1. Could you give the angle, 0 to 90 degrees to the nearest 10, between helix 174-185's Cα long axis and the longest principal axis of the Cα atoms of the chain?
2. Indicate the gyration tensor shape class of the stretch 148-257 (rounded, prolate or oblate), computed on the Cα atoms with a ≥ b ≥ c the square roots of the eigenvalues: a/c under 1.5 is rounded; otherwise a/b larger than b/c is prolate and the rest oblate.
3. Going down the list LYS38/LYS91; LYS38/LYS239; LYS51/LYS325; LYS108/LYS138; LYS107/LYS138; LYS32/LYS83, which pairs span over 31 Å between their C-alpha atoms?
4. Given R₀ = 35 Å, FRET efficiency for GLU233-ILE112 by Cβ-Cβ distance, to 0.05?
5. Looking only at the chain, where both bridge partners belong to it, what percent of the DSSP beta bridges are antiparallel (to the nearest 5)?
6. Would you mind checking the stretch 50-70 for residues with the amide N under 11 Å from a putative spin-label position 7 Å along Cα→C-beta of ASP185?
7. When the chain is fully extended, how far beyond the present Cα-Cα distance does VAL123 get from GLU80, taking 0.36 nm per residue of separation?
8. If the cut-off is a Cα-Cα distance under 17 Å, which aspartates and glutamates reach LYS274, setting aside same-chain residues fewer than 8 apart in sequence?
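Read-outs: derived from the displayed coordinates by stated rules, not from any lab. As the structure is a computational prediction, the values presented were derived from the model and not from experiment. Every residue, glycine among them, receives a Cβ derived from its backbone with ideal geometry; neighbour counts consider all protein chains shown.
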Amino acid sequence: MDKLFDLVVIGAGPGGISAAVEASIAGVDNNKIVVLEKSDAHNETVRKFYKHGKRVDVDWNGIKAEFHGHLSFEQGSKEEYIKQFDDIIEKYNLRVVYNHHVYAVEKKDDGIFEIGADKELGVIRAKKVVIAIGVMGKPNKPSYKFPAKIRSVLNFNLDKVQPNEKVMIVGGGDTAGEYAYGLVDMNLGCEVTLNYRKPEITRMNPTNKEIVERYIAEGKIKSKLGVDVEDVEATEDGKVKVNFKDGTSEIYDRVVYALGGTTPTEFLQNCGIKMRDKWTAEHDPKTLETNVEGMYVVGDVVEGAQSIAVAINHGYAAALDLAKKL
Ligand SMILES: Cc1cc2nc3c(=O)[nH]c(=O)nc-3n(C[C@H](O)[C@H](O)[C@H](O)COP(=O)(O)OP(=O)(O)OC[C@H]3O[C@@H](n4cnc5c(N)ncnc54)[C@H](O)[C@@H]3O)c2cc1C
């Protein structure tokens, strides 16, 4: 492939796909745009962390969606959402290279970026770079240690849950709520407990809050609200003994943490981007350009978890700016 691109986008989530498509619409030669994605399909965060059939909300995280550019999406299931992005990639003839994990981006003296990855493609060079890698590469963990013996049953999504297990979901946001009632609705015969350190559900959207509260009232979800976890231990037979801060303990087959993700500060700093704090990359809020001229950040990586609509809008803003400057 032509190794000097006008635009290399890192990450094929909504932010990265939007940036690439909008750049093409804004006049950047489509043959000079490439998206590098570490997994074998686009929207890895949605595929990996959204439960099967999840309703993908357009308004999310308390953010009312308004789309500024040419891309948007309709509320529907996880599978319908993925199909909408399949169609976008096809419609705009977007080149996405999968299984291409980018480890570093370096700006050379001639102002061209070199993008280092673990593939045999050699070094890819670009005039402009958009970083759209999200925050779910590193899901948030609690502060206590995970004993090695039970690491396989301390998870960050529902993928490994088996029928009839006793499962505790930890977290107070929408994801925790959706995992808890979603697991009940899967009819696997699991006993589902929702644990959150605060006594009230305050961080879920009204729909999720209503379902979770109703399921708790109906006994479908066991509530362990208002108490934090001190630590976890392995039992002799490989189960999880959860010790709560109120002195009580309970044994579960599996614990699933839904605590969001962490900004990949190391990656950003290795690219030369300054951090304002541990979540926020230095950027111009209008253009998303960072302190490194020609390098942009879009989506969750900008200042922590937001929403698909925000990522799509970021992609548009960055594309307009970089297309103008090429
Ligand atoms: C369980 C859950 C439910 C959610 N539900 C909703 C919802 O209903 N509605 C909503 O609007 N938002 C929802 N969100 C939030 C939404 O998923 C994010 O805000 C959105 O995906 C951010 O988009 P992004 O493009 O910034 O990053 P991501 O979607 O995280 O995409 C990043 C992409 O970059 C790739 N990548 C990462 N590192 C590298 C690398 N080094 N090299 C190459 N590729 C890399 C990843 O594989 C991934 O495909 C939810 C989040 C979670 C975790």
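1. Around 60 degrees separate the two axes.
2. On the way: a/c = 1.90, a/b = 1.33, b/c = 1.43.
Here the stretch 148-257 falls in the oblate category.
3. Numbers: LYS38/LYS91 22 Å; LYS38/LYS239 33 Å; LYS51/LYS325 40 Å; LYS108/LYS138 29 Å; LYS107/LYS138 25 Å; LYS32/LYS83 25 Å.
Among LYS38/LYS91; LYS38/LYS239; LYS51/LYS325; LYS108/LYS138; LYS107/LYS138; LYS32/LYS83, the Cα-Cα distance tops 31 Å for LYS38/LYS239; LYS51/LYS325.
4. On the way: r = 53 Å, r/R0 = 1.51.
That pair, GLU233 with ILE112, gives E of 0.10.
5. Details: 24 of 56 bridges.
About 45 percent, rounded to the nearest 5.
6. Counting backbone N atoms under 11 Å from the label point, the list is 51-56.
7. Between VAL123 and GLU80, full extension yields 11.9 nm more.
8. Answer for LYS274, where 17 Å is the Cα cut-off: GLU106, GLU266, GLU282, ASP284, GLU289, GLU293, ASP300, GLU303, listed by chain and number.
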